[in-house]
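Since the structure comes first, as structure tokens, the remarks are kept for the end.
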Amino acid sequence: MNVEGKDRRRMLLDFFDITKGGKIFFNLIAIYILFTSITLPIIKYYIAKSSKTRHADDITRTKEYFNKVLNTPSLVYLLRNIAVKEFSAENVLFWENYQILQNMNYRHYNESKKAEDLNGDVSNARLISQYDYDGYYQQQIQSVATDAMTQYAYDPSTPVPKEILPFYQNFFKTFIHKDGKAVVNISGNVSKTIHGDMSFPTVGIFDQAKEEVVDMMYNSIYPIFIQKYKKQLDETFV
């Protein structure tokens with residue numbers, strides 16, 4: 001073995017001894033993961049809360065104003081950029097996809113009304129099912145940055161129509177199920193309720209989760225948004 005190889009082997013052995021067989025190294029990694037996933041978000045939450053108290057008279061920092069931001073696609077796009085940097089992109093993605101579900105509901109409601117007007121019978125499932133919901137969903141995905149959520153009154157206890165049920169199931173698998181690709185950090189009680197109701201879901205099954213996700217965004221990334229994009233905010237709602 002040449003000198004360089006011996007030196008490299010000696011360095012590895014020294015590292016092994018210093019870290020006690022690698023235990024210290026892996027402990028440091030575990031501490032880092034714990035800090036970034038739990039401690040850091042808590043710190044940011046209290047910093048944001050303190051900042052909110054100092055600027056209590058600033059209307060742009062109110063929850064009502066934040067709701068206006070969430071219903072302005074161009075500002076949601078900027079909010080998403082911040083969320084990515086703050087390791088909380090799943091919250092904005094949840095909101096955007098929740099909006100799509102609401103638009104899907106509204107579209108189904110409109111198609112049902114058309115069937116009722118044409119035939120005098122809302123139960124005409126053939127006309128309703130003929131609509132291309134997959135195509136409409138893809139359209140919503142592509143235009144999420146430019147189209148706001150359709151605002152309309154609905155009964156949250158209404159069963160999810162079978163034509164759009166797959167979209168609800170996909171939403172659940174992505175954002176609520178523990179193995180989802182973008183699971184949001186909602187309370188255990190809300191998560192448990194959603195899991196139990198997925199057998200016979202209603203159109204409002206994710207409403208409570210939405211409220212918690214909006215609160216998380218308001219307390220964590222919205223203060224950063226205001227600091228960075230205050231000018232855009234004022235120009236949008238002038």
Sorted by chain and then number, the residues having a modelled amide H within less than 5 Å of the amide H of T202, at least 5 places away or on another chain, are V160
Efficiency by 1/(1 + (r/R0)^6): what FRET value for K114 and Y77, r their Cβ-Cβ distance, R0 = 35 Å, to the nearest 0.05? 0.60
Working out 0.36 nm times the residue gap between K68 and D207, then minus their Cα-Cα distance, what length gain in nm do you get to one decimal? 48.3 nm
So if I place +1 on the C-beta of Lys and Arg and -1 on the C-beta of Asp and Glu, and nothing else carries charge, what would the dipole magnitude of region 175-219 be about its Cα centre? I want it in debye, nearest 20. 180
Using a basic spin-label model with each label point 7 Å from the Cα along Cα→Cβ, how many nm lie between E235 and N185? 3.3
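We did not get these values from a lab; they are worked out from the coordinates using the rules stated. The structure displayed is predicted, hence computed values, not measured ones. All Cβ positions, glycine included, derive from the backbone under ideal geometry; neighbour counts span all protein chains shown.
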